[in-house]
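Only one structure is covered here, and it is reproduced in the block below.
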Amino acid sequence: LVVNNEEGFNENNVRALCAVGKTTKSKKEGYIGEKGIGFKSVFVVSSQPHIFSSGYQFCFREEQDPDVHYGFIIPYWVDAIPLIASNGYSNQTCILLPIKPQKTEIVEQELTQIAPETILFLKKLRAIQVIIGDEVVTNVHRVDDPRLPTTQLIAQDGKKRSYWISKTTVEVPDAVREESRSEIYTREIVLAFPLDKATLPDINVYAFLPTSSGVRSGLDFLVNADFLLSANREQIHEDREWNIWLRDNISMAFWNGFTDMLDHASVRYQAYSFIPLEKKDRIPFFESVVSDILDKLGANEIVITDQNDRVLPSNARFASKDLRKLLAGRVRPAQLRLTPLVADRLQTSNIQERLRGIGVRDLSKEEI
């Protein structure tokens, strides 16, 4: 039983379900369907899906109708709404999918694996609750901060996962046209930077909904873009110009998110922990994203010094704790105005490794 509190069905929605390859949704907004199959995919797990919404109460059947020789698309009126769909849900949209017996186990398994991050990139969905039998296996809702571009995912046990959300709109070049995106002139790339580092999920590439675990960017943040995927969502079509164009704009989206974080004291130093490392578990398709990001960061004054300035990575230096102690409270020698020291909070091993990748070096013996 799938229940939601949206406006409910109208005639056009019903007609769209009774057709093939039709939809009342707009690609301009971005939606998760792709192959013109849409609702018909429910027949994989249910032979008689029911819909109860705004006075409509009907079902479809998998087997062929003997009068019209079609299955899947003929609506049959349902006189009595089953108790499970009417109990407390009278003003909501209910989709009831009686599960095929042989599908019960795999459906339960899939439901238990729904990641909380699934609702990060869906504009309307604010919460997900999954109940199997009497057990609540997922119960998460999102809370957006009105002051900052941060979102919290709050679980049933009160545990919170916080994400810095960065959105970048890119214009579709004339040279990049896709038949299924013919009316699309802009797309939005959304990155979610986990502010609680331990919570980065295994799946971090999204096309509104998560792709399969086989698509790994190797980046330390979540990427959502309107990628063209295989039907099972297990593969990005790497040879399609559309996907290559989206991929090549991830570095710009990262730059926007990274610099925004630098401008906010509460997350400023965390921003550096998202600088990608050269060697990471990623599919080759995303390798160029790493080099593009590193090149962009290396060419700009983004390293915060212990004097709270920002300098080019090539000018910034790491120094030992003893040397920092020796310099504390003293007038800086001329050398350190040329090669200033990075801020103390950037001296952790994790961040040092990332800063070295964009050109920050140790203070040399000659410079000392």
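The values are calculated or read from the model by the stated rules, or taken from the named source; none is laboratory data. No experiment lies behind these values; they were computed from the predicted model shown. Cβ atoms come from the backbone with ideal geometry, glycine included; neighbour counts cover every protein chain shown. Heavy atoms of the whole protein, side chains included, go into the accessibility calculation; ligands, DNA and RNA do not. Shrake-Rupley method; radii C 1.70, N 1.55, O 1.52, S 1.80 Å.
Looking at (1) closer than 14 Å to ARG345 by Cβ; (2) surrounded by 19 or more Cβ atoms within 10 Å (Cβ to Cβ), which is the only condition TYR269 fails?
Just one mismatch for TYR269, condition (2).
Among the residues of region 358-368, count how many are modelled with pLDDT under 95 and of a type outside the set (Val, Ile, Thr).
5
Among residues belonging to region 226-243 that are in a loop (DSSP other than H, G, I, E, B), touching a residue at least 40 places away in the same chain (Cβ under 8 Å) and of a type in the set (Asp, Glu), point out the one that is surrounded by the most Cβ atoms within 10 Å (Cβ to Cβ).
ASP226
Any idea how many residues of region 76-103 are closer than 15 Å to GLY55 by Cβ and either surrounded by fewer than 16 Cβ atoms within 10 Å (Cβ to Cβ) or touching a Pro at 6+ places or on another chain (Cβ under 7 Å) (or both)?
7
If you check ALA192 against the conditions, is it under 25 Å from SER230 (Cβ atoms), open to solvent by less than 70 Å² (accessible area, probe 1.4 Å) and either touching a His at 6+ places or on another chain (Cβ under 6 Å) or not hydroxyl-bearing (Ser, Thr, Tyr) (or both)?
In short, yes.
Going by the structure shown, is LYS123 of a type outside the set (Gly, Ala, Ser) and more than 27 Å from TYR269 (Cα to Cα)?
yes
For VAL44, only one of the following conditions fails: (1) over 30 Å from the mean Cα position of the chain (by Cα); (2) open to solvent by 60 Å² or more (accessible area, probe 1.4 Å); (3) on the phi < 0 side of the Ramachandran plot; (4) of a type outside the set (D, E, K, R). What is its number?
(1)
Is there a residue in region 51-72 that is open to solvent by less than 60 Å² (accessible area, probe 1.4 Å), in a loop (DSSP other than H, G, I, E, B) and aliphatic (A, V, I, L, M)?
No, every residue in region 51-72 fails to be open to solvent by less than 60 Å² (accessible area, probe 1.4 Å), in a loop (DSSP other than H, G, I, E, B) and aliphatic (A, V, I, L, M).
Could you give me the residue pairs with C-beta distances under 8 Å whose first residue belongs to region 118-135 and is under 13 Å from ILE165 (Cβ atoms), whose second residue is among the small types (Gly, Ala, Ser) and open to solvent by less than 100 Å² (accessible area, probe 1.4 Å) wherever it lies, and which are 6+ apart or on separate chains?
Within 8 Å, the pairs are ILE119/ALA127; LEU120/ALA192; PHE121/ALA192.
Specify which of the listed residues (VAL190, VAL223) is free of Cβ contacts under 8 Å to residues at least 60 places away in the same chain, assigned to a strand (DSSP E or B) and of a type in the set (A, V, I, L, M).
Exactly one residue qualifies, and that residue is VAL223.
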